[in-house]
Amino acid sequence: LRMIILDAPLNSAVSPFMGDCIISSHLGYSDSAWSVRNSATMVFSAAMLRAIDADKNASNNVRTSSLAITLTELFRRYPSLSTFLPEMMEGCLCEQDVQVHSQLFPLLLLLSRTQPVAISGCSSVTQAYPDIIFNVLNNRHHAIRAAAARSLANLCSGDVNDLHSSSRLILTRCATLLLQMDGGSSKDWNQVDGLLLAIKAVLTSSNSGTKILQDLGLYSFLHRMTRLERPSLLYPPSCISTAVDILVQTIDSSPSERGEFLSRCMRICLNDRFESLTGGALLYSSSTRAAIKLMESELWRPDNIDDFTKCLASLRSLFVSELLDVRTLAVKSFKKTIYQNIDLVVTQSNASITSDVLLSKVGALFLDCLEVELTVS
């Protein structure tokens, strides 16, 4: 069936049945036989590619694929899904066994892969979903919480600065729950992580800045989470990781604010205390990406030679770090924009540091790091 669904010449013939394929494959997740569950997974993935999103790598991206259709269009083409999805999600929430979690994730993945509802110009089809998804944000599986957060962001409409938009209402609800839990003695860390993931997803889709966090009372809360001033962690590494992601995309543009946050990220990256903790890899990953992003302006467009030299030293410490997660993510994050930044350096005129000096020092840094890597290996 999977091959039939993906066969291009049969596209027009099988397209009307994609909704039924999604429903039948989802029912196969509850079967006791592994072969049936495996076949259901393959059919579901094929139906997703054909009916919802033709980008097979879309789940690895922060944003929804541009090839995906909206939820409104999905329900218009396959009306049976409009009642099946919320009923199955509510049924899954009433159960707590392992099989139910395997049934819940595909439904959330489907919602997370659709285009944001704001594109469709209609929000009536999504009114049943936010309350259901909020009940999933405290799930014990991180992948389910992440998919629920992306789904919630796709169901938002309107500008977050509009007090009556669904985007603002969802952000306000997340902030209220977070601040209420922060004041209590006992916390559901899964729910804290889920709420932070939802805030991150909504802000990513809206490209909002510091002001919205200040309005919601979250700005100081998130900074307090990432300072790590006490010897013992007040929050799990996965929660701190999401807080870092939120702050780096909304950080104030002032040099002092960015410099202080960069120093905080570097302290995390160079501290091996998180290596053995659950979620430590996530914290190293987010802090490394944030540090590289914050260093780019100083490295490629420096105001003076002292800032440039200091930035090179910080970059070197990441590239030769003994922590594999830090070293790997630093190289991956840095190389994504290296060609674009080199082009800018060559074309710009800077009186303090010429392009030849800048590029030669960056090149020397690469050779130095390579020598260290070869020596260690």
- prompt: R63 passes all but one of (1) within 14 Å of A147 (Cα to Cα); (2) modelled with pLDDT of 85 or more; which number fails?
  reply: (2)
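Going through region 136-153 one residue at a time, which ones are polar (S, T, N, Q) and open to solvent by 10 Å² or more (accessible area, probe 1.4 Å)? Lay out the reasoning, then the answer.
From region 136-153, those polar (S, T, N, Q) are 138-139, 151; that's our starting set.
Within region 136-153, N138, N139 meet the criteria.
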- prompt: Do we find a residue being modelled with pLDDT of 75 or more, open to solvent by less than 70 Å² (accessible area, probe 1.4 Å), hydrophobic (A, V, I, L, M, F, W, C) and touching a strand residue (DSSP E or B) at 6+ places or on another chain (Cβ under 9 Å) anywhere in region 82-101?
  reply: no
message: Any residue that is more than 30 Å from S355 (Cα to Cα), at pLDDT below 90 and in a helix (DSSP H, G or I) - is there at least one of those in region 251-260?
response: no
message: When you check V320 against the structure, is it closer than 18 Å to L367 by Cα, among the hydrophobic types (A, V, I, L, M, F, W, C), open to solvent by less than 60 Å² (accessible area, probe 1.4 Å) and more than 25 Å from the chain's Cα centre (by Cα), yes or no?
response: yes
- prompt: Based on what the data block shows, is V125 surrounded by 20 or more Cβ atoms within 10 Å (Cβ to Cβ), more than 21 Å from D188 (Cα to Cα) and modelled with pLDDT under 85?
  reply: no
message: Restricting to region 24-48, name every residue that is aliphatic (A, V, I, L, M), under 14 Å from P106 (Cβ atoms) and surrounded by fewer than 18 Cβ atoms within 10 Å (Cβ to Cβ).
response: L27, M42
statement: If we keep only residues of region 160-173 that are under 22 Å from G194 (Cα atoms) and in a loop (DSSP other than H, G, I, E, B), then the residue farthest from the chain's Cα centre (by Cα) is S165
- request: Would you mind stating whether L299 is under 24 Å from V345 (Cβ atoms) and touching a residue at least 60 places away in the same chain (Cβ under 8 Å)?
  value: yes
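The values are calculated or read from the model by the stated rules, or taken from the named source; none is laboratory data. It should be emphasised that the depicted structure is a prediction, and the values quoted were computed from it without experimental measurement. Please note: Cβ atoms are built from the backbone with ideal geometry, for glycine as well, and neighbour counts cover all protein chains shown. Please note that ligands, DNA and RNA were not included when accessible areas were found on the heavy atoms of the full protein model with its side chains. Shrake-Rupley method; radii C 1.70, N 1.55, O 1.52, S 1.80 Å.
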